[in-house]
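Written out below as structure tokens is the structure these notes cover.
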């Protein structure tokens with residue numbers, strides 16, 4: 001496991017969201033509370049810029065950046081979220097930051113338990129809460145089992161860890177709760193749960209890759225990729241579609257971790273930012289189309305990064321990877337209902353240019 | 001003593017799958033919690049009394065108050081088949097690590113199967129007892145790991161949520 005980030009700054013980065021959560025519990029007015037939350041999230045992002053500029057520090061900055069933009073988005077939102085929801089949002093961010101900064105596996109597990117409690121509080125008013133508790137609870141039991149067994153039996157322990165934390169990240173086959181959360185929870189909370197919660201498990205997978213079972217990560221990644229991309233064709237609602245796109249793209253990232261590509265943190269950041277932008281933008285505006293375009297091109301970019309190590313691993317691996325990436329790219333604009341044929345054409349033209357570029361590069365190689 | 005407690009806990013897991021009444025299921029969970037605490041105590045952990053109080057007494061008692069009206073569904077033939085597969089996987093995959101770990105993993109997997117069938121709270125409590133059995137069977141486990149295994153955090157969260165939802 002990676003060395004622990006010590007010091008006052010890391011402590012402040014973890015403590016500030018919990019303090020904000022406590023302050024929001026005391027403030028009745030959302031008008032005031034929303035801006036306090038936004039101010040705390042902005043300070044948190046500034047503080048996180050002082051952490052080391054390595055993979056883990058960058059994932060912390062990514063988390064605090066998305067928490068900051070989401071808090072601005074929530075403060076402007078006319079709909080007042082339930083009180084429990086607004087208290088739980090900063091607590092979720094704090095728990096994810098603790099999971100990212102902790103070095104001891106058992107502390108990471110405890111941090112993710114706190115994150116699941118916060119996520120349950122966010123979706124408490126919706127029927128999805130029991131499903132979230134079941135999937136994430138089962139995942140965390142498996143993850144605890146894997147953590148205990150890691151030194152004694154590394155192979156089965158890795159299987160338990162990948163399946164368990166994969167459930168918390170919303171990877172297939174335990175992805176249903178995440179899709180329902182995105183559709184049913186109030187929007188700022190749904191965004192935080194569906195975009196930020198997978199980041200900590202992905203960091204754990206990156207640490208596991210060096211210890212055992214890259215083949216396991218690739219196999220489960222392919223399953224998520226193909227599952228997510230196939231379900232995009234089942235005409236889900238737009239928020240579910242963005243989450244299913246995330247499941248497919250997380251599968252690509254899991255494959256990338258298994259294949260040991262160095263650009264994995266960059267891919268995680270690009271996916272999280274594209275999904276956050278897509279969920280925050282309003283339907284129909286130019287921002288929305290820009291976000292949709294970025295999201296739709298991303299699987300092809302990931303495929304481009306993965307193609308060479310995948311071919312070195314096995315030529316056959318390129319087939320499901322390519323199929324999954326192309327299905328995701330072509331299904332996303334249709335699934336999030338780009339309104340006119342012309343706008344779909346605008347969206348799809350650069351994508352097919354990218355496909356052509358990938359083919360040309362492959363041929364040149 | 002430790003191996004006997006672990007095997008008894010695994011047998012209680014099969015009994016849990018057959019239970020139709022919530023009281024019966026909670027009695028089985030409580031007995032399983034006692035077996036897990038005995039195994040933890042036999043391994044020399046000072047945290048065994050706390051595990052006994054939490055897993056065998058406190059959580060089942062509170063669950064009995066909260067889940068009094070809940071109904072357990074009868075397991076389908078498919079569930080029995082899955083349970084048999086899980087038993088074989090645990091025995092074949094972990095038999096070489098000793099009775100404690102193999103029985104503990106059996107209890108965890110059957111507990112998760114029970115949770116997936118609809119009784120989330122009872123399934124997670126049983127799975128937690130399995131985690132305690134595994135922790136008891138691993139030599140020189142750090143205290144933080146023993147504490148994380150012995151405290152039934154996830155069943156307590158489920159219970160808290162069910163209580164708030166009532």
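Quick rundown of the values:
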| read-out | value |
| --- | --- |
| Test: residue A:98 is touching a residue at least 40 places away in the same chain (Cβ under 8 Å), away from chain B (no Cβ under 14 Å), surrounded by fewer than 24 Cβ atoms within 10 Å (Cβ to Cβ) and farther than 17 Å from residue A:21 by Cβ | no |
| Residue tally, condition within 17 Å of residue A:84 (Cα to Cα) and either within 7 Å of another protein chain (Cβ to nearest Cβ) or out of contact with any helix residue (DSSP H, G or I) (no Cβ under 8 Å at 6 or more places or on another chain) (or both), over segment A:112-129 | 3 |
| Test for residue B:33: is it surrounded by 14 or more Cβ atoms within 10 Å (Cβ to Cβ), touching a helix residue (DSSP H, G or I) at 6+ places or on another chain (Cβ under 7 Å) and free of Cβ contacts under 8 Å to residues at least 40 places away in the same chain | no |
| Residues within segment B:119-150 that are more than 8 Å from chain A (Cβ to nearest Cβ), more than 12 Å from the chain's Cα centre (by Cα) and either farther than 23 Å from residue A:118 by Cβ or in a loop (DSSP other than H, G, I, E, B) (or both), tallied | 7 |
| Test for residue A:27: is it surrounded by fewer than 23 Cβ atoms within 10 Å (Cβ to Cβ), at pLDDT 90 or above and touching a helix residue (DSSP H, G or I) at 6+ places or on another chain (Cβ under 6 Å) | no |
| Subset of segment B:151-166 (residues that are more than 9 Å from chain A (Cβ to nearest Cβ) and either in contact with a strand residue (DSSP E or B) (Cβ under 7 Å, 6 or more places away or on another chain) or outside any loop (DSSP other than H, G, I, E, B) (or both)) | B:156, B:159, B:163 |
| Counted residues, segment B:91-110 - those being within 10 Å of chain A (Cβ to nearest Cβ), at pLDDT 85 or above and over 17 Å from residue B:40 (Cβ atoms) | 1 |
| Single unsatisfied condition, residue A:151 versus (1) under 20 Å from residue B:151 (Cβ atoms); (2) within 10 Å of another protein chain (Cβ to nearest Cβ) | (1) |
| Residue selected from segment A:101-111 under the condition within 14 Å of another protein chain (Cβ to nearest Cβ) and assigned to a helix (DSSP H, G or I), by the criterion surrounded by the fewest Cβ atoms within 10 Å (Cβ to Cβ) | A:107 |
| Single residue of A:252, A:231, A:244, A:273 found to be closer than 18 Å to residue A:336 by Cβ and either surrounded by 24 or more Cβ atoms within 10 Å (Cβ to Cβ) or in contact with a strand residue (DSSP E or B) (Cβ under 7 Å, 6 or more places away or on another chain) (or both) | A:244 |
| Residue list for segment A:54-82, filter: modelled with pLDDT under 75 and outside any helix (DSSP H, G or I) | A:77, A:78, A:79, A:80, A:81 |
| Tabulated pairs, segment A:253-279, first at positive phi, second assigned to a helix (DSSP H, G or I), C-beta under 7 angstrom, 6+ apart or interchain | A:260/A:209; A:260/A:214; A:260/A:309 |
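Every residue, every condition in (1) at pLDDT 90 or above; (2) closer than 23 Å to residue B:109 by Cα; (3) surrounded by 13 or more Cβ atoms within 10 Å (Cβ to Cβ), yes or no:
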position: B:45; (1), (2), (3): no, no, yes
position: B:52; (1), (2), (3): yes, yes, yes
position: B:57; (1), (2), (3): yes, yes, yes
position: B:60; (1), (2), (3): yes, yes, yes
position: B:65; (1), (2), (3): no, no, no
position: B:70; (1), (2), (3): no, yes, yes
position: B:73; (1), (2), (3): no, yes, no
position: B:77; (1), (2), (3): no, yes, no
position: B:83; (1), (2), (3): no, yes, yes
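Residue-wise test of (1) over 14 Å from residue A:149 (Cα atoms); (2) touching a residue at least 60 places away in the same chain (Cβ under 8 Å).
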| residue | (1), (2) |
| --- | --- |
| B:116 | yes, no |
| B:125 | yes, yes |
| B:136 | no, yes |
| B:160 | yes, no |
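The values are calculated or read from the model by the stated rules, or taken from the named source; none is laboratory data. The structure presented is a predicted model; accordingly, all values stated were derived computationally and were not measured. For neighbour counting, all protein chains shown are included, and Cβ atoms are generated from backbone atoms with ideal geometry for every residue, glycine included.
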